[in-house]
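Structure record follows, encoded as C-alpha cells.
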Protein chains: 2
Amino acid sequence: MTDLFPFQVEARCPDTRARCGRLGTPHGSVPTPLFMPVGTRGTVKGILPEQLERIGTHVVLANTYHLHLRPGADVVRELGGLHAFMGWDRPILTDSGGYQIFSLRDITHIDEDGATLKSIVDGTPIRLTPEATIEIEHALGADIIMALDHCPADPTHRIDVEIATERTTRWLERCVHTWRDSGSEQAGQALFGIVQGGAFEDLRRRSLEATLQHDLPGYAIGGVSVGEERSQSLKAVESCASLLPEDKPRYLMGVGTPIDFLDMIAKGIDLFDCVTPTRHGRNHQAYTSFGRINLRNQRWRTDRSPLDESCDCPTCARFSRGYLRHLAQTGEMLAGMLLSVHNVRFFHRLMEDARAAIRRGTFGEFMARTKEALGASEAQRCR
Amino acid sequence: MTDLFPFQVEARCPDTRARCGRLGTPHGSVPTPLFMPVGTRGTVKGILPEQLERIGTHVVLANTYHLHLRPGADVVRELGGLHAFMGWDRPILTDSGGYQIFSLRDITHIDEDGATLKSIVDGTPIRLTPEATIEIEHALGADIIMALDHCPADPTHRIDVEIATERTTRWLERCVHTWRDSGSEQAGQALFGIVQGGAFEDLRRRSLEATLQHDLPGYAIGGVSVGEERSQSLKAVESCASLLPEDKPRYLMGVGTPIDFLDMIAKGIDLFDCVTPTRHGRNHQAYTSFGRINLRNQRWRTDRSPLDESCDCPTCARFSRGYLRHLAQTGEMLAGMLLSVHNVRFFHRLMEDARAAIRRGTFGEFMARTKEALGASEAQRCR
C-alpha cells in the first residue's frame, strides 16, 4: 500500500511541529503543506483551469454529492472520468457528501444505513450510503477520495456529537470494505478517513483511534470550521493532530483563514481546503499581505497600484485597484474572475512561503511575522 | 490628416465589392474586415484581456455613456486613460452614447442642444451634448471615437427619421469643431461620423453627403440593427455603402450575424461590432461552423467532442460539449466564460477567413460556401 500511496516527510522545523512533505498520486506528486481550491461542481468558480495551473494549484477539490446530482457519476465516467471532464490533468480530491449531510441537514434524513438527502435541484430523494459513496467516487475517478462521515450539527452538544462520531466510525468500516472490494484501492484512489468528535477531546481521540485501525493512505480532521464554538473545536483538533501518524498526510477540512493555516501548519497539518478565496473573490474581497480589503470601497477609486505590491498573480500584473473597484461597482463578471484568481494565488503563496520557511528551519519566526502583517483584519472567519 | 489616421486598401476582390485593408492607430495597425468585441463598461464580459489577445482581438469597443456614468471620465483619466485602465494595449473604439439615446429613449429627453438621459444607476440626469461627448471621449483616450448621433426609434417612420437624421448632421458639425479644438484630433483620436437615415434611401444619401463634407478619418453607418424593418434598413445601407469614399474605413454599427457580416463585407464594409458573441455565450449558445447550438440541450450530455471540431479556440482545445453542458445546466460562471471566448474567436476566424478569401480573389465563392454551412440556424438576428 505504501507503494500505491507514497507520502514522504522531507523536512521538519525544530521550533514547531510544522513539516514539509510530498504526496504521490496517479496524477503526479504534490508538495505539502498545500492549499487545495474548491471546485464543488467540477469547476473552481470563475477561474480557468489554465489559470489555476499558472498560479500553482496542485490539487482541486470536487464534491461527490453535487456531481452525483448533476451530471451524475455515470455521465462523468462516460465523458472519460473527472480529469478529462474538467480538463484538469493534475490531482483531484472528492469530498464525500458528508458535509452536505451537515449543511443540508434540514432536508436530510439520517439512519444507521446511510443518509437520504433531498435533491437541491428537484427535491427527489438522494440516497447516500458508505458503499454508494465509494462507488460514486470510484466512478468519478479522483486521486484522493473521502469516506462518508456524519458531521454533527452542533460540535458542543455531547450526545449528538457522540452519536455522529460513532456512526462515522461504523460508516468508515463499510467505506473501507467497498474501497478494497470495488477496485478503487487498486486503481490508486487514496481513501482518507475522517476524524470527528466535535469540541470534545476524548471523543476526538476515540474517533482517531478507531480511524487509525484501518491503516489508510491519509487522515482528515472534520467538523471544525462549523458551529459557534469554533475555538473549542480548534483546540480539540490540535491535540488530535499530535496523535496522527508521522508517515501519513493530515488534512484539516474546510479551514479557513490565513492565520488558521499558519497555526495549523505549526501543529503538523499538511492539507487544507476552503471556499473563501473564490467566495470572497465573487463578493469583491481581496486577501493582501496587509489584510483583507473590500474592493467596493470608495478609497480605491483612483488608486493606480495593484491589489498587493508583493503579489505575483496575473491580476496584480495587469490591473489597478481603481479598475477592480470599477468592475466591482458595476457588477461585471471580470471582477469576480480577477479577484478569485488573486485570492487563490494568495493562499498558494502563503503555503509556498511556509514550505520555504520550514525547510529553512524558521517557520516559527515566519509565522509570527506573517500574522503581525495580516493583522486584525483577519479576525473574520472562514465560512 | 492622412498621416495621423492612415488607412490603406491592400486587396480587392473582383467578384464583389469586398476589400482588405489596414487601419493605423496610436496603438498599432489592424487588418480589415474586422470584428470588434464590445466591452461596454471597459470589459468584454467574461473574457480576460489576455484571452482576447490570444484569440486575435485587435480592437475592443467601450461606451462613452456607461463609462461617463461609472467610474467617470475623470477617474479613467486619473487611472492613466482607457488603455491603462482596462489593461488593454491594443486599439480601443468608444461608442458615443448615441445608441443609449435610442435604447434608453423612455428616460431620455432630446432637444436641439443635446440629450438628457437619466442615470441607470441613481436616476440623476446625465447631459450629453456633442461638445461634452467629444470631451469625454478625449478624456477616455480611445483610438477611434464616435460622433454623437440621434438614432430614430422607428427607422420606417419618415418624419421622425428625418428629424433625427438632420439633427445628427448638425450635431456632427459641433462634434468636429470640438474634436479639432480640444486637442483630440492632434492626439491621434480618429473621429468617425455616423450616417443615419433609417430605411429611406434618399435620407441615407442626404445624411451621407453631409457627413462626407467633414473629410473625417472614417465613416459609420448607424441605425441598422434596430427596429422591425431591418431588411429595409439593410437595403438602404447597401446603396449607402457604395457611396462611401474608397480611401476611408467603413464601419457598420451593431450588425450582426455571421451571414450579415458576409453580406456586408461583400458590399465593402470594413468594421463590425456586436454584443451577440458574449451575450449568447452567457446564455449558453455557441456559434459553430454548422450553425448555432444551445448547450443546455440534453443531446450534448455525454458528448466528448469539442464544440466545433474545426475551431482553434482555447475552449475547444480543452473541454467537451458534455462538460460545457454540465456547466450551463448548473449555472456555473465558467460556462459563460468558455462559451464567450469561443464565440468571439468564431467571429474573428470568420473575418480572418474572409480576409484570406479576398486576397485570393475568391470571396464570392467563400461567402456562398460559408452561408450554406451556417445554414438555416442563422435566421436568428442580432440584438
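A few comments on the model shown:
- Unmet requirement for residue A:335, which otherwise passes all of (1) out of contact with any Lys or Arg (no Cβ under 6 Å at 6 or more places or on another chain); (2) under 21 Å from residue A:53 (Cα atoms); (3) more than 10 Å from chain B (Cβ to nearest Cβ); (4) in contact (Cβ under 8 Å) with a residue 40 or more places away in the chain: (3)
- Exactly one residue out of A:17, A:54 is more than 26 Å from residue A:119 (Cβ to Cβ) and within 14 Å of chain B (Cβ to nearest Cβ): that is A:54.
- Residue selected from region A:284-306 under the condition of a type in the set (A, V, I, L, M, F, W, C) and within 13 Å of chain B (Cβ to nearest Cβ), by the criterion farthest from the chain's Cα centre (by Cα): A:300
- Count of region B:160-174 residues which are surrounded by fewer than 18 Cβ atoms within 10 Å (Cβ to Cβ) and under 12 Å from residue B:211 (Cα atoms): 3
- Within region A:315-324, the set of residues being in contact with an Asp or Glu (Cβ under 7 Å, 6 or more places away or on another chain) and over 15 Å from residue B:42 (Cβ atoms) comprises just one member, A:316.
- Checking residue B:373 against (1) within 14 Å of chain A (Cβ to nearest Cβ); (2) modelled with pLDDT under 95, the condition it does not meet: (1)
- Residue within region B:7-16 that is part of a loop (DSSP other than H, G, I, E, B) and modelled with pLDDT of 95 or more present: no
- None of B:224, B:237, B:176 is in contact with a strand residue (DSSP E or B) (Cβ under 8 Å, 6 or more places away or on another chain), within 26 Å of residue B:362 (Cα to Cα) and assigned by TED's automatic domain parsing to the domain that holds residue B:17 except B:237.
- Across region B:39-81, the number of residues qualifying as closer than 21 Å to residue B:137 by Cβ, of a type in the set (Val, Ile, Thr) and surrounded by fewer than 23 Cβ atoms within 10 Å (Cβ to Cβ) comes to 2.
- Under the condition of being of a type outside the set (Val, Ile, Thr), within 14 Å of chain A (Cβ to nearest Cβ) and touching a residue at least 60 places away in the same chain (Cβ under 8 Å), the residues counted in region B:338-352 number 2.
- Residues that are loosely packed, with under 14 Cβ neighbours inside 10 Å and either of a type in the set (Gly, Ala, Ser) or at pLDDT below 95 (or both) within region A:175-188 comprise A:183, A:187, listed in sequence order.
- With a requirement of 2 or more residues that are touching a residue at least 12 places away in the same chain (Cβ under 8 Å) and over 30 Å from residue A:87 (Cβ atoms), the strands (runs of 3 or more DSSP E) lying completely within region A:109-193 that satisfy it span A:115-118.
- Of everything in region B:99-113 that is buried (at least 16 other Cβ atoms within 10 Å of the Cβ) and out of contact with any strand residue (DSSP E or B) (no Cβ under 7 Å at 6 or more places or on another chain), the residue that is farthest from the other protein chains (Cβ to nearest Cβ) is B:110.
- Restricted to region B:114-145, and to residues there that are touching a helix residue (DSSP H, G or I) at 6+ places or on another chain (Cβ under 8 Å) and surrounded by fewer than 16 Cβ atoms within 10 Å (Cβ to Cβ), the residue that is farthest from residue B:176 (Cα to Cα) is B:121.
This table checks each residue for (1) out of contact with any Pro (no Cβ under 9 Å at 6 or more places or on another chain); (2) touching a residue at least 40 places away in the same chain (Cβ under 8 Å); (3) of a type in the set (A, V, I, L, M, F, W, C).
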residue: A:280; (1), (2), (3): yes, yes, no
residue: A:305; (1), (2), (3): yes, no, no
residue: A:309; (1), (2), (3): yes, no, no
residue: A:314; (1), (2), (3): yes, yes, no
residue: A:321; (1), (2), (3): no, no, no
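- In region B:309-332, of all residues being of a type in the set (Gly, Ala, Ser) and either at the interface with chain A (Cβ under 9 Å from one of its Cβ atoms) or out of contact with any strand residue (DSSP E or B) (no Cβ under 9 Å at 6 or more places or on another chain) (or both), the one that is farthest from residue B:346 (Cα to Cα) corresponds to B:331.
- Leading residue by the ranking (surrounded by the fewest Cβ atoms within 10 Å (Cβ to Cβ)) among those in region A:82-98 that are within 11 Å of chain B (Cβ to nearest Cβ) and in contact (Cβ under 8 Å) with a residue 60 or more places away in the chain: A:89
- Residue within region A:353-361 that is assigned to a loop (DSSP other than H, G, I, E, B) and within 14 Å of chain B (Cβ to nearest Cβ) present: no
- Helices (runs of 4 or more DSSP H) contained in region A:273-350 and holding at least 1 residues surrounded by fewer than 19 Cβ atoms within 10 Å (Cβ to Cβ) and of a type outside the set (Ser, Thr, Tyr): A:276-282, A:314-318
The values are calculated or read from the model by the stated rules, or taken from the named source; none is laboratory data. Note that the structure is predicted; figures quoted are calculated from it, not measured. For neighbour counting, all protein chains shown are included, and Cβ atoms are generated from backbone atoms with ideal geometry for every residue, glycine included.
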